Amino acid sequence: MLWLQKTTAGTKMSLLLHKVNKGLNIMITLHEPGKFLPMIDRSYPLSEVADAMHCFSEGDAKGKIVIMMGDDS
């Protein structure tokens, strides 16, 4: 993922790299019989993404944060 930000000093380029997810087969074998369940802390509508990012950056989330993209969020 690559994005550009305009700053007062010019343009700042940020780069986010993800490693290949290794060990997913272990998670699948735990999830299928119900031994592993993902923890969702909160869901936010897209209009409140700034609040979601604040929660994440403060370390308040005790699980995953979900951003709802549809109208029924």
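The values are calculated or read from the model by the stated rules, or taken from the named source; none is laboratory data. Keep in mind the model is a prediction, meaning the values are calculated, not measured. Here Cβ is always computed from backbone atoms with ideal geometry, including for glycine, and neighbour counts include all displayed protein chains.
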### Query
Applying the selection to the range 29-66, what residues are surrounded by 14 or more Cβ atoms within 10 Å (Cβ to Cβ) and free of Cβ contacts under 8 Å to residues at least 24 places away in the same chain?
E48, A52, C55, F56, A61
### Query
Out of curiosity, is P38 closer than 21 Å to G70 by Cβ and at pLDDT below 85?
yes
